[in-house]
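Enquirer: If you scroll down you'll find the structure; I have some questions about it.
Only the coordinates and a few stated rules stand behind these numbers; no lab work does. Model, not experiment: these values are computed from the prediction. Note that we place each Cβ from the backbone using ideal geometry, even for glycine, and neighbour counts take in every protein chain shown.
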């Protein structure tokens, strides 16, 4: 075989191996994101023009999360928040709409205390999706009901559901004693 033929064969093999590597890496990334984000992965893919763009958004969320100083609550803070939650639940009987507003504020306060961003709802959801994908849809639903309650458009059953949904995320945030090491510190 001539030298040119060998070069063509080698180039073809290298291109084929590169293509296989690219496909395998893409499948591995996709599997990782699907496991990490659960139903949020499917939601983002549906709302985005391409799977590649959706996956990049999710990777960006992971990077944003890694840059944050997410920390567990100490025992005293957990006890204080648990007490406040019980008080909010007690108020639900007499003032369900107000209790839902309080529940939303309490979840936001726990998030802030743990180091999550709390300024904008979408940013909260994006960062929460990294570590709390399982309760994210419930949080969105509770937030939506809270908005309807503010406009006096929510039924008592809606408000009860909002409390249940807020409680799911609240419990996760309260009991999540495993904080991650921020990338900033881990790289040094």
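Enquirer: Sort all Cα-Cα distances of the stretch 75-184 into consecutive 5 angstrom bins from zero, then give the percent of pairs in each bin up to the one containing the longest distance.
Expert: Reading the bins upward from 0: 2, 12, 23, 24, 19, 11, 4, 2, 1, 0.
Enquirer: Then there is this: Mind checking the full-extension length gain between residue 140 and residue 2? Use 0.36 nm per residue of separation minus the Cα-Cα distance, one decimal, nm.
Expert: Value of the extension gain: 43.2 nm.
Enquirer: Hey, quick one: spin label on residue 152, modelled 7 Å out along Cα-Cβ, who in the stretch 95-116 has an amide N within reach, i.e. under 14 Å?
Expert: Label zone hits: 97-98.
Enquirer: Also, quick follow-up: Could you work out the mean projected area of the convex hull around the alpha carbons of the chain, in square nanometres to one decimal?
Expert: Numbers: hull surface 60.1 nm².
Result: 15.0 nm².
Enquirer: Kirkwood hydrodynamic radius (Cα pairs, Å) of the stretch 110-149?
Expert: Mean inverse Cα-Cα distance, inverted, gives 10.5 Å.
Enquirer: Under the rule of -39500 (n - 2.57) per DSSP H run of 4 or more residues, summed and divided by the residues of the chain, what mean residue ellipticity at 222 nm is obtained, to the nearest 500 deg cm²/dmol?
Expert: -27000 deg cm²/dmol
Enquirer: Another question, if that's okay. Only Cα pairs under 8 Å and at least 6 apart count here; give the relative contact order of the stretch 75-184 as a rounded whole percent. Write down the numbers at each step before the final one.
Expert: Values: 85 pairs, mean separation 31.4, N = 110.
Once normalised by length, the contact order is 29 percent.
Enquirer: For the Cα atoms of the chain, what angle does the longest principal axis make with the long axis of helix 75-92, in degrees from 0 to 90, nearest 10?
Expert: Value to nearest ten degrees: 60.
Enquirer: Which value in Å does the Kirkwood hydrodynamic radius of the stretch 8-110 take, with 1/r averaged over all unlike C-alpha pairs and then inverted?
Expert: Details: mean 1/r = 0.0555 Å⁻¹.
Over the stretch 8-110, the inverse of the mean reciprocal pair distance is 18.0 Å.
Enquirer: Follow-up. Can you give the angle from 0 to 90° between the axis of helix 156-175 and the longest principal axis of the chain, with both taken from C-alpha atoms, to the nearest 10?
Expert: The answer is roughly 60 degrees.
Enquirer: With angles folded into 0 to 90 degrees, how steeply does helix 96-114 sit against the dominant principal axis of the chain? Use alpha carbons for both and round to 10.
Expert: Tilt relative to the chain: about 50 degrees.
Enquirer: When the Kirkwood hydrodynamic radius is evaluated over all pairs of different C-alpha atoms of the stretch 3-67, what value in angstrom, to one decimal, is obtained? Spell out each step's value before the answer.
Expert: Working: mean 1/r = 0.0724 Å⁻¹.
Over the stretch 3-67, the inverse of the mean reciprocal pair distance is 13.8 Å.
Enquirer: Mean separation of Cα pairs under 8 Å and 6+ residues apart, divided by the residue count of the chain: what relative contact order is that in percent? Write out the running numbers ahead of the final one.
Expert: Details: 161 pairs, mean separation 50.8, N = 188.
About 27 percent, as a whole number.
Enquirer: How long is the gain from residue 57 to residue 27 if the chain were fully straight, where each residue apart is worth 0.36 nm and the alpha carbon distance is subtracted?
Expert: Numbers: separation 30, 0.36 × 30 = 10.80 nm, distance 1.64 nm.
Stretched out fully, the residue 57 to residue 27 stretch lengthens by 9.2 nm.
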